[in-house]
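Read the figures in this text as sums done on the coordinates, not as results from a lab. Since this is a predicted model, take the numbers as computed values, not measurements. No Cβ is skipped: glycine too gets one built from the backbone with ideal geometry, and neighbour counts run over all protein chains shown.
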């Protein structure tokens with residue numbers, strides 16, 4: 001979880017704060033209310049999640065409750081992985097555990 | 001630094017402040033008397049609106065009376081602005097307002113009317129199709145300046161020289177090229193359609209305010225926010241936005257709904273974020289600045305009694321119009337070539353008539369400039385009235401950098417945005433600006449905010465370069481800047 005948070009924090013600093021470190025931005029702060037991301041930012045954020053963490057973000061998951069703070073983003077990724085693991089366990093019980101944690105997944109929502 | 005912070009929030013400084021310390025400007029509608037060493041500043045006119053009324057019913061008869069009254073006022077406002085010992089031309093954007101003024105002028109001039117337009121090579125911004133429609137209907141002697149990206153970037157240093165403040169958009173540059181064309185065509189006076197959108201309710205920000213207020217009544221509604229997509233059909237950023245996010249971007253929290261600046265919060269919040277590019281020193285200096293409070297402190301006492309539509313109109317007409325539209329994008333670049341703009345819609349009688357109208361006669365539902373269009377229908381063909389409204393916009397960052405080859409189009413861009421120069425002038429964070437510039441060169445940063453940040457940084461650097469560090473080298477003060485020494489070309 002910490003690693004996920006760290007990667008998200010680094011992406012936000014690089015992509016939206018142009019390499020600057022905003023000490024006042026906490027992991028629970030709303031990225032929109034703090035003006036960190038603008039209207040194209042949401043789509044960039046989704047692209048980053050899909051590429052970096054190999055999760056697929058469904059249209060109905062694009063809501064502030066899932067994506068609007070560093071912690072929410074990290075928890076969202078974590079949930080997606082857990083869901084993927086559960087599904088994999090159901091479908092291929094014998095193969096469970098052989099896949100790396102960030103293996104490409106095809107979760108459709 | 002407070003001035004810079006204001007520009008990077010409102011697009012202009014709040015008068016009497018200017019970009020330069022120790023130099024003040026008169027607020028709009030004010031006069032100054034200097035007598036025996038004493039200075040008196042006096043307000044001679046102020047825009048105002050009637051108190052908000054619960055419901056403003058309009059009847060067909062009364063609407064028709066309003067249409068006739070508007071016609072009389074506007075025709076007279078245009079007529080008296082034709083008084084001149086030189087021929088008077090007209091700017092023609094292809095939209096309703098300038099077309100209407102041109103149509104009125106046609107009625108009162110015996111000589112063949114000359115009209116002038118900006119056209120763009122970049123089809124995304126070009127409106128020449130609509131301009132030709134109007135020209136063919138009104139049969140004017142038409143001239144256009146067709147701007148390429150290079151044309152815009154090339155004159156931008158001159159534009160900043162004349163605007164004397166940082167700019168967040170480069171839309172003033174084509175207007176600079178247009179006034180040059182007017183001057184070269186032997187004209188010194190032009191009528192334009194400025195002011196109609198502010199006074200008669202034409203801008204999308206008024207629709208946005210209406211929708212946001214409507215949504216604010218039922219913040220959990222899923223259908224109300226969908227109306228926001230009807231706004232800004234030309235902005236993909238908004239169209240692609242998930243609905244759940246529109247709510248957050250368009251600021252309808254209870255405290256925001258109560259704010260006297262409600263209508264303009266999304267715009268100003270978005271703009272002020274580009275302050276992230278300021279250097280640490282500048283950030284420290286402006287830390288306690290509260291530009292919203294500064295503006296709120298200036299609002300007239302009656303402001304609170306106006307409806308939300310009128311308040312939005314006031315903020316647009318009392319601030320952006322004089323501070324940016326009529327100044328940086330209007331008078332400054334027109335006067336760069338000694339061209340005088342005249343504005344029939346800003347005749348005080350027209351302005352007072354417009355502000356006395358009930359909001360429903362300005363925008364009926366989401367139909368903008370309702371009353372003005374009713375009058376325009378008597379003079380203009382239906383296809384001009386029906387065309388989708390498009391605000392005047394110019395190609396942005398592509399005028400300075402070419403993403404196709406990843407290079408800046410001009411040496412001055414690379415020079416002023418180099419780490420050394422940014423460090424030397426001290427206003428911006430070199431590392432952050434460099435990241436922005438390389439992304440723009442690669443075509444990877446495309447948001448409106450990134451474009452405004454780039455233009456804001458570049459224009460501020462140009463301002464410092466031309467007025468502070470290299471002031472003595474910049475010697476031209478006249479119309480023929482082409483021939484004179486410029487610091488940057």
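Dividing the summed -39500 (n - 2.57) terms of all DSSP H runs of n ≥ 4 by the residue count of the protein assembly as shown sets its mean residue ellipticity at 222 nm at -13000 deg cm²/dmol. Annotation: the residues A:45, B:315, sorted from fewest to most other C-beta atoms within 10 Å of their own C-beta, follow the order A:45, B:315. Counting Cβ atoms of other protein chains within 10 Å of each residue's Cβ and taking the mean over peptide A:65-74 gives 1.
What's the whole-number percent of alpha carbon pairs in the range A:2-95 lying beyond 15 angstrom? Taking all Cα-Cα pairs of the range A:2-95, the fraction more than 15 Å apart is 60 percent. Beta bridges per DSSP, both residues in chain B: antiparallel share near 40 percent. The stretch between residue B:259 and residue B:471 holds 72.1 nm of extra length on full extension. This uses 0.36 nm per residue minus the Cα-Cα distance.
The relative contact order of the range A:2-95 comes to 32 percent, based on Cα pairs under 8 Å that sit 6 or more residues apart. Comparing Cα centroids, the range A:18-84 and the range B:255-298 end up 25 angstrom apart. Neighbour counts of C-beta atoms inside 10 Å place B:293, B:389 in the sequence B:293, B:389, starting with the fewest.
Each 20 Å bin, from zero up to the one with the longest distance, holds this percent of the alpha carbon pairs of chain B: 22, 58, 20, 0.
Counting Cβ atoms of other protein chains within 10 Å of each residue's Cβ and taking the mean over peptide B:371-384 gives 0. Remark: the Cα gyration tensor places the range A:1-44 in the rounded category, a/c being less than 1.5. The modelled label-to-label distance between residue B:62 and residue B:39, using points 7 Å beyond Cα along the C-beta direction, is 4.6 nm.
In terms of its C-alpha gyration tensor, the protein assembly as shown has a prolate overall shape, because the principal axis ratio a/c (a ≥ b ≥ c, square roots of the eigenvalues) is not below 1.5 and a/b outweighs b/c. Computed from label points 7 Å out along Cα-Cβ, the spacing between residue B:404 and residue B:112 is 3.6 nm. When only Cα pairs below 8 angstrom with a gap of at least 6 residues are kept, chain B shows a relative contact order of 24 percent.
Per residue of B:267-278, other chain Cβ atoms within 10 Å of the residue Cβ number 2 on average.
Between residue B:340 and residue B:146, the contour length at 0.36 nm per residue exceeds the alpha carbon distance by 67.7 nm. Normalised by the number of residues in the range B:38-181, the average gap of Cα pairs under 8 Å and 6 or more apart makes the relative contact order 18 percent. The distance linking the range B:1-69 with the range B:113-162 is 30 Å (Cα centroid to Cα centroid, whole angstrom).
You can think of it this way: the chain between residue B:230 and residue B:423 has 65.1 nm of extra reach, that is 0.36 nm per residue less the Cα-Cα gap. If you count the DSSP beta bridges with both ends in the protein assembly as shown, what percent of them are antiparallel, to the nearest 5? Around 40 percent of the beta bridges assigned by DSSP in the protein assembly as shown are antiparallel ones.
For residue B:84, project a label point 7 Å along Cα to C-beta. Then give me every residue of the range B:185-211 with its amide nitrogen under 11 Å of that point. Zone members listed by number: B:186-192. Classification of the range B:334-414 by its C-alpha gyration tensor yields a prolate form. The axis ratio a/c (a ≥ b ≥ c) is 1.5 or more, and a/b outweighs b/c.
Going by neighbour counts of Cβ atoms within 10 Å, the residues B:268, B:11 line up, fewest first, as B:268, B:11.
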